[in-house]
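Worksheet: one structure, shown below.
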Amino acid sequence: MNSLNFKDGQSSIEIGGMLVSSIEFPGKISLVIFTAGCMLRCPYCHNAGIIDGGNPRKIIEIFQEINESLDFIDSVVITGGEPLIQNIAIIDILKYCKNLKLEVKLDTNGYYPERLEELIDLVDYIALDVKAPFNKYKEIIGEDIGERVRKSMEICLLSPDTYLECRTTYVPNLMNSEDIVEIAKEINCDVYTIQQFKNTSVLDETLKETPSPSRTELFEIAESVKPYLKRIKIKTSEFGDEIIK
(Lines give C-alpha, C1' and ligand atoms only; values in the text may rest on other atoms or scores of the structure.)
Protein backbone atom coordinates (compact mmCIF):
# COMPACT_ATOMS: atom_id res chain seq x y z
CA MET A 1 0.00 0.00 0.00
CA ASN A 2 1.28 3.44 -0.86
CA SER A 3 2.52 5.51 2.06
CA LEU A 4 0.25 8.54 2.45
CA ASN A 5 -0.98 10.52 5.42
CA PHE A 6 -4.30 8.79 6.13
CA LYS A 7 -4.19 8.70 9.94
CA ASP A 8 -2.66 5.22 9.64
CA GLY A 9 -5.82 3.98 7.93
CA GLN A 10 -7.57 3.54 11.28
CA SER A 11 -10.56 5.77 10.60
CA SER A 12 -13.74 3.97 9.58
CA ILE A 13 -16.48 4.24 7.00
CA GLU A 14 -19.89 2.58 6.86
CA ILE A 15 -20.57 0.84 3.58
CA GLY A 16 -23.40 -1.18 2.13
CA GLY A 17 -21.25 -3.27 -0.20
CA MET A 18 -18.66 -3.31 -2.96
CA LEU A 19 -18.56 -4.81 -6.44
CA VAL A 20 -16.74 -4.58 -9.76
CA SER A 21 -18.84 -3.12 -12.60
CA SER A 22 -18.48 -2.23 -16.26
CA ILE A 23 -21.54 0.06 -16.32
CA GLU A 24 -21.28 2.50 -13.40
CA PHE A 25 -18.51 4.63 -14.95
CA PRO A 26 -19.03 4.92 -18.73
CA GLY A 27 -16.13 3.37 -20.62
CA LYS A 28 -14.41 2.15 -17.45
CA ILE A 29 -14.17 -0.95 -15.29
CA SER A 30 -14.78 0.21 -11.75
CA LEU A 31 -14.66 -0.90 -8.18
CA VAL A 32 -17.97 0.43 -6.86
CA ILE A 33 -18.18 1.37 -3.19
CA PHE A 34 -21.70 1.78 -1.82
CA THR A 35 -21.52 4.07 1.20
CA ALA A 36 -24.26 3.75 3.80
CA GLY A 37 -26.52 6.44 5.16
CA CYS A 38 -28.67 9.13 3.55
CA MET A 39 -30.41 12.20 4.93
CA LEU A 40 -33.23 11.90 2.36
CA ARG A 41 -36.14 9.49 2.23
CA CYS A 42 -37.01 9.59 -1.46
CA PRO A 43 -40.10 7.41 -1.85
CA TYR A 44 -38.65 5.63 -4.90
CA CYS A 45 -35.22 4.95 -3.36
CA HIS A 46 -33.82 1.67 -4.74
CA ASN A 47 -31.09 1.36 -2.07
CA ALA A 48 -33.41 1.65 0.93
CA GLY A 49 -31.57 -1.09 2.78
CA ILE A 50 -28.54 1.15 3.39
CA ILE A 51 -30.28 4.45 4.19
CA ASP A 52 -29.91 4.04 7.95
CA GLY A 53 -26.41 2.58 8.00
CA GLY A 54 -24.30 -0.34 6.92
CA ASN A 55 -21.19 -2.24 7.89
CA PRO A 56 -18.32 -0.30 9.51
CA ARG A 57 -15.01 -0.90 7.75
CA LYS A 58 -11.56 0.47 8.48
CA ILE A 59 -10.33 2.77 5.76
CA ILE A 60 -7.24 0.58 5.46
CA GLU A 61 -9.53 -2.32 4.52
CA ILE A 62 -11.00 -0.23 1.71
CA PHE A 63 -7.47 0.53 0.50
CA GLN A 64 -6.74 -3.20 0.51
CA GLU A 65 -9.88 -3.91 -1.53
CA ILE A 66 -8.75 -1.31 -4.06
CA ASN A 67 -5.27 -2.84 -4.21
CA GLU A 68 -6.66 -6.33 -4.74
CA SER A 69 -8.80 -5.07 -7.62
CA LEU A 70 -6.04 -3.22 -9.49
CA ASP A 71 -5.58 -5.96 -12.08
CA PHE A 72 -9.22 -5.59 -13.13
CA ILE A 73 -10.12 -1.90 -12.74
CA ASP A 74 -9.12 1.51 -14.02
CA SER A 75 -11.49 3.54 -11.85
CA VAL A 76 -13.41 3.71 -8.58
CA VAL A 77 -17.04 4.75 -8.19
CA ILE A 78 -18.27 6.04 -4.82
CA THR A 79 -22.03 5.94 -4.53
CA GLY A 80 -24.63 5.48 -1.82
CA GLY A 81 -26.66 6.30 0.10
CA GLU A 82 -25.09 9.73 0.14
CA PRO A 83 -21.28 9.54 0.23
CA LEU A 84 -20.72 13.08 1.49
CA ILE A 85 -22.29 12.28 4.86
CA GLN A 86 -18.91 10.62 5.50
CA ASN A 87 -16.88 13.27 3.71
CA ILE A 88 -13.65 12.93 5.70
CA ALA A 89 -13.38 9.22 4.92
CA ILE A 90 -14.35 9.90 1.30
CA ILE A 91 -11.53 12.43 0.93
CA ASP A 92 -9.06 9.82 2.19
CA ILE A 93 -10.33 7.30 -0.36
CA LEU A 94 -10.22 9.84 -3.18
CA LYS A 95 -6.64 10.79 -2.35
CA TYR A 96 -5.64 7.15 -2.29
CA CYS A 97 -7.26 6.52 -5.67
CA LYS A 98 -5.57 9.51 -7.26
CA ASN A 99 -2.21 8.38 -5.88
CA LEU A 100 -2.78 5.10 -7.75
CA LYS A 101 -3.71 7.01 -10.94
CA LEU A 102 -7.25 5.67 -10.83
CA GLU A 103 -10.05 7.81 -12.19
CA VAL A 104 -12.87 8.50 -9.75
CA LYS A 105 -16.62 8.99 -10.16
CA LEU A 106 -18.74 10.31 -7.30
CA ASP A 107 -22.52 10.01 -7.11
CA THR A 108 -24.23 12.62 -4.94
CA ASN A 109 -27.67 14.02 -4.26
CA GLY A 110 -26.26 17.55 -3.96
CA TYR A 111 -27.25 18.08 -0.34
CA TYR A 112 -23.78 19.23 0.74
CA PRO A 113 -22.42 21.80 -1.75
CA GLU A 114 -19.77 22.99 0.72
CA ARG A 115 -18.43 19.46 1.21
CA LEU A 116 -18.49 18.86 -2.53
CA GLU A 117 -16.41 21.99 -3.06
CA GLU A 118 -13.75 20.66 -0.66
CA LEU A 119 -13.08 17.57 -2.76
CA ILE A 120 -14.11 18.48 -6.31
CA ASP A 121 -10.48 18.66 -7.47
CA LEU A 122 -10.05 14.97 -6.60
CA VAL A 123 -12.99 13.80 -8.74
CA ASP A 124 -13.03 13.18 -12.50
CA TYR A 125 -16.77 12.55 -12.92
CA ILE A 126 -19.74 13.71 -10.86
CA ALA A 127 -23.19 12.19 -11.22
CA LEU A 128 -25.56 14.67 -9.61
CA ASP A 129 -29.11 13.60 -8.88
CA VAL A 130 -31.57 16.31 -9.88
CA LYS A 131 -34.69 14.77 -8.46
CA ALA A 132 -37.15 17.53 -9.34
CA PRO A 133 -37.41 21.07 -10.63
CA PHE A 134 -35.53 23.11 -8.04
CA ASN A 135 -38.71 24.71 -6.69
CA LYS A 136 -40.62 21.39 -6.47
CA TYR A 137 -38.27 19.28 -4.33
CA LYS A 138 -40.53 19.48 -1.26
CA GLU A 139 -43.54 18.41 -3.30
CA ILE A 140 -41.82 15.47 -5.03
CA ILE A 141 -39.38 14.03 -2.47
CA GLY A 142 -40.47 15.73 0.76
CA GLU A 143 -37.32 17.82 1.34
CA ASP A 144 -36.85 21.43 0.21
CA ILE A 145 -33.22 21.17 -0.96
CA GLY A 146 -33.49 22.49 -4.50
CA GLU A 147 -31.17 25.44 -3.89
CA ARG A 148 -28.53 23.17 -2.34
CA VAL A 149 -28.63 21.01 -5.47
CA ARG A 150 -28.41 24.06 -7.71
CA LYS A 151 -25.34 25.24 -5.78
CA SER A 152 -23.73 21.80 -6.11
CA MET A 153 -24.28 21.94 -9.86
CA GLU A 154 -22.67 25.38 -10.02
CA ILE A 155 -19.63 24.13 -8.09
CA CYS A 156 -19.18 21.31 -10.60
CA LEU A 157 -19.45 23.72 -13.50
CA LEU A 158 -16.64 25.82 -12.04
CA SER A 159 -14.33 22.79 -12.06
CA PRO A 160 -13.06 22.59 -15.67
CA ASP A 161 -11.59 19.10 -15.31
CA THR A 162 -14.70 17.48 -13.81
CA TYR A 163 -17.28 15.88 -16.09
CA LEU A 164 -20.82 16.52 -14.87
CA GLU A 165 -23.77 14.23 -15.43
CA CYS A 166 -27.14 15.38 -14.12
CA ARG A 167 -29.70 12.62 -13.83
CA THR A 168 -33.35 12.29 -12.96
CA THR A 169 -35.34 9.16 -12.21
CA TYR A 170 -38.68 9.59 -13.93
CA VAL A 171 -41.40 8.33 -11.59
CA PRO A 172 -44.93 8.44 -13.01
CA ASN A 173 -47.52 9.76 -10.51
CA LEU A 174 -44.83 11.63 -8.55
CA MET A 175 -43.93 13.77 -11.56
CA ASN A 176 -44.88 14.33 -15.17
CA SER A 177 -43.10 15.00 -18.44
CA GLU A 178 -43.47 18.76 -17.92
CA ASP A 179 -41.35 18.45 -14.77
CA ILE A 180 -38.55 16.92 -16.84
CA VAL A 181 -38.77 19.79 -19.31
CA GLU A 182 -38.57 22.26 -16.43
CA ILE A 183 -35.48 20.50 -15.06
CA ALA A 184 -33.86 20.62 -18.50
CA LYS A 185 -34.40 24.37 -18.64
CA GLU A 186 -32.78 24.85 -15.21
CA ILE A 187 -29.66 22.72 -15.46
CA ASN A 188 -26.33 22.92 -17.25
CA CYS A 189 -24.21 19.79 -17.58
CA ASP A 190 -22.15 17.64 -19.94
CA VAL A 191 -24.90 15.04 -20.18
CA TYR A 192 -28.42 14.71 -18.81
CA THR A 193 -29.72 11.20 -18.10
CA ILE A 194 -33.39 10.35 -17.70
CA GLN A 195 -33.55 7.11 -15.75
CA GLN A 196 -36.32 4.54 -15.74
CA PHE A 197 -38.13 4.12 -12.43
CA LYS A 198 -38.36 0.49 -11.32
CA ASN A 199 -41.08 -0.50 -8.89
CA THR A 200 -39.43 -3.71 -7.68
CA SER A 201 -37.42 -2.12 -4.85
CA VAL A 202 -38.77 1.11 -3.35
CA LEU A 203 -38.93 2.80 0.04
CA ASP A 204 -42.61 3.72 -0.26
CA GLU A 205 -44.48 0.45 -0.71
CA THR A 206 -47.39 2.20 -2.43
CA LEU A 207 -45.12 2.91 -5.40
CA LYS A 208 -45.01 -0.80 -6.16
CA GLU A 209 -48.37 -0.19 -7.83
CA THR A 210 -46.87 2.50 -10.07
CA PRO A 211 -45.86 1.08 -13.47
CA SER A 212 -42.34 1.62 -14.73
CA PRO A 213 -42.24 4.02 -17.68
CA SER A 214 -41.58 2.33 -21.00
CA ARG A 215 -38.49 2.91 -23.11
CA THR A 216 -40.73 4.56 -25.69
CA GLU A 217 -42.12 6.97 -23.10
CA LEU A 218 -38.61 7.95 -21.98
CA PHE A 219 -37.58 8.50 -25.61
CA GLU A 220 -40.52 10.83 -26.11
CA ILE A 221 -39.66 12.80 -22.99
CA ALA A 222 -36.00 12.98 -24.04
CA GLU A 223 -37.01 14.34 -27.44
CA SER A 224 -38.97 17.11 -25.73
CA VAL A 225 -35.90 18.36 -23.83
CA LYS A 226 -33.49 18.35 -26.78
CA PRO A 227 -33.87 22.12 -27.38
CA TYR A 228 -32.43 22.85 -23.92
CA LEU A 229 -29.46 20.49 -23.52
CA LYS A 230 -26.48 19.49 -25.62
CA ARG A 231 -26.37 15.76 -24.75
CA ILE A 232 -29.16 13.53 -23.45
CA LYS A 233 -29.35 9.87 -22.51
CA ILE A 234 -32.06 7.56 -21.33
CA LYS A 235 -31.33 4.60 -19.08
CA THR A 236 -33.56 1.53 -18.95
CA SER A 237 -33.15 -1.92 -17.47
CA GLU A 238 -33.75 -3.42 -20.91
CA PHE A 239 -31.16 -1.49 -22.93
CA GLY A 240 -28.93 0.37 -20.47
CA ASP A 241 -27.66 3.79 -21.53
CA GLU A 242 -28.81 5.12 -24.91
CA ILE A 243 -27.74 8.43 -26.40
CA ILE A 244 -30.58 10.49 -27.88
CA LYS A 245 -29.53 11.79 -31.31
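The values are calculated or read from the model by the stated rules, or taken from the named source; none is laboratory data. It should be emphasised that the depicted structure is a prediction, and the values quoted were computed from it without experimental measurement. Heads up, the Cβs are rebuilt from the backbone with ideal geometry, glycines too, and the neighbour counts pull from every protein chain shown. Surface areas here come from the heavy atoms of the whole protein model, side chains and all, with no ligands, DNA or RNA. Shrake-Rupley method; radii C 1.70, N 1.55, O 1.52, S 1.80 Å.
Below, the figures for the structure above:
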item	result
Rounded percent of accessible protein surface that carbon and sulfur make up, region 1-153, 1.4 Å probe	45 percent
Accessible area of region 137-245 divided out per residue, in Å², using a probe of 1.4 angstrom	51 Å²
Over 22 Å [Cα-Cα, region 164-242], rounded percent	21 percent
Per principal axis, descending, Cα span of region 88-245 in whole Å	45, 34, 28
Rough spin-label spacing in nm, given labels placed 7 Å along Cα→Cβ, for Glu205 and Ile29	4.2 nm
For Val202, net neighbour charge (Lys/Arg +1, Asp/Glu -1) across residues whose Cβ lies under 11 Å away	-1
Given charges at beta-carbon only (K, R positive; D, E negative), |dipole| of the chain in Debye	220 debye
FRET E, pair Asn55, Lys230, Förster distance 45 Å, beta-carbon r, rounded to 0.05	0.65
Protection-proxy order for peptides 148-156, 210-218, each taking the mean of Cβ atoms within 10 Å per residue, highest first	148-156, 210-218
Shape call, region 1-103: gyration tensor on alpha carbons, a/c limit 1.5	oblate
Antiparallel DSSP beta bridges within the chain, as percent of all bridges there, nearest 5	35 percent
Region 7-119, accessible area per residue, ligands and nucleic acids excluded (1.4 Å, Å²)	42 Å²
Relative contact order of the chain, pairs being alpha-carbon contacts under 8 Å that are 6 or more residues apart, as %	15 percent
Local electrostatic count, Glu165, Cβ distance below 11 Å [Lys/Arg +1, Asp/Glu -1]	+1
MRE, 222 nm, helices only [DSSP H, n ≥ 4, -39500 (n - 2.57), over the chain, to nearest 500]	-8000 deg cm²/dmol
FRET efficiency for Glu139 and Ala48, using Cβ-Cβ distance with R0 set to 30 Å, rounded to 0.05	0.90
Relative contact order of region 1-119, pairs being alpha-carbon contacts under 8 Å that are 6 or more residues apart, as %	29 percent
Bridge type composition, region 102-240 - antiparallel percent by DSSP, nearest 5	5 percent
Positive-end extreme of charge dipole, the chain - chosen from Leu40, Thr79, Ile60 (charges on Cβ)	Thr79
At R0 = 22 Å, FRET efficiency that the Cβ-Cβ distance of Glu118 and Leu157 yields, to 0.05	0.85
